[in-house]
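No value in this document is a laboratory result; all are computed from the given coordinates. Because the structure is predicted, anything quoted here is derived from the model rather than measured. We place every Cβ from the backbone using ideal geometry, glycine too, and count neighbours over all the protein chains shown.
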Amino acid sequence: METNLSKLIKIIYEQKIRELPQIHFKHILSKFNKELEEKFFDDDDDDYNNNSLVLVRTTFILSAILISIFGILDIWIVPLSKNYAWLIRFVFIIPSIIIFLLLTIFPFLKRIMQIALSISSVLVALDYAIMITVLHKSE
């Protein structure tokens, strides 16, 4: 049995849901309406973007350092395939991280930061998957 209070809460909830902007798949590929874009990318309130940017840059720098340090372990972990591992690690992974780090300098990254982070994560994961496939079976 629904009480009057639960009915009222349900009605208020449905009203709030109707007030939210409708988001469709086309918004991912193009843009949201101008009013919503201006609210989200308000240049006067750049705290969120600046704080996120510091975190993103720190993440890229630390990940490049850690991946490089783990490259030293390749000598003992995969001695037969260390050249392949180093090639993938230092020719593909580290430069892609550096490229994404350099992209953080440009202001257009504010609009595509989440996509850039996703792409960099997928690239690193794919590089590690390729590294696993080229290892010798005995390693």
Figure the gain on full extension for Gln15 and Ile99 (residue separation times 0.36 nm, minus the Cα-Cα span) and round it to one decimal in nm.
25.7 nm
When Ser52, Ser63, Ser118 are ordered from fewest to most other Cβ atoms inside 10 Å of their Cβ, what list results?
Ser118, Ser52, Ser63
Qualifying lysines (Cα of each under 27 Å from Cα of Lys34; at least 8 residues distant if same chain)
Lys16, Lys26, Lys110
Quick check: pseudo-label points 7 Å beyond the Cα along Cα→Cβ at Phe90 and Ser6, how many nm apart are they?
6.6 nm
